[in-house]
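Peer 1: One structure is given below, represented as structure tokens, and several questions about it will come after.
Where a number appears in this text, it was derived from the coordinates with a stated rule and is not lab data. What you see is a predicted model, and the numbers here were worked out from it, not measured in a lab. Positions of Cβ are generated from backbone atoms using ideal geometry, with glycine treated the same way; all protein chains shown enter the neighbour counts.
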């Protein structure tokens, strides 16, 4: 192996690690959603914004958060594959015991990192709270009213249209990133390493 190739691989290794750090340590997305939700609800309280519109925007912000988390998860897993492929150029089979065993086999699925799952769970919880609040205050409370044109407000259904769109959009994004990861693994499997001396499990699932 030439020195030029070694230098290039080591530089790539450094860049890929920096990209992983950037994608998994940034939590401004979830903070922005929480701050945005409080800001919009305060505008509703001051009668500056309609509650149906405000709840719809909050749900859109949560969908935006999910989109970022899905993208960050894919970047992490893809970069982890490239890092492992580079490590295989320098490490030996015995290094699976002496250093770490992750480089021996790639993660089989494009699973979301726990750090990102925590932010996702925050988004799910916030979505359930705001849509539940909207249903109780804007929909359920109107069940006892007579069905007349005066009692029909089309804006009340707006948050539920956003929910339906999100339920279609998010799984589609997950499917696309999963396919991209599988394509990457298939086309760039890396140098074959004998992994018979190690056991993979929940820490680094390969099945």
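Peer 1: What are the residues in the range 34-49 that are within 19 Å of residue 66 (Cα to Cα) and free of Cβ contacts under 8 Å to residues at least 40 places away in the same chain, if any?
Peer 2: Scanning the range 34-49 gives 35, 36, 38.
Peer 1: Would you pick out the residues in the range 97-126 that are in contact with a helix residue (DSSP H, G or I) (Cβ under 7 Å, 6 or more places away or on another chain), buried (at least 18 other Cβ atoms within 10 Å of the Cβ) and within 20 Å of residue 185 (Cα to Cα)?
Peer 2: 102, 103, 104, 106, 107, 110, 112, listed by residue number.
Peer 1: For the range 101-132, which positions are in a helix (DSSP H, G or I), touching a residue at least 60 places away in the same chain (Cβ under 8 Å) and more than 20 Å from the chain's Cα centre (by Cα)?
Peer 2: Selection gives 102, 103, 104, 130, 131.
Peer 1: Further, regarding this structure: Has the range 75-91 got any residue that is part of a loop (DSSP other than H, G, I, E, B) and within 30 Å of residue 186 (Cα to Cα)?
Peer 2: Yes, that holds for at least one residue.
Peer 1: Looking only at residues that are surrounded by 11 or more Cβ atoms within 10 Å (Cβ to Cβ) and over 22 Å from the mean Cα position of the chain (by Cα) in the range 162-193, which one is nearest to residue 99 (Cα to Cα)?
Peer 2: Residue satisfying both the conditions and the ranking: 193.
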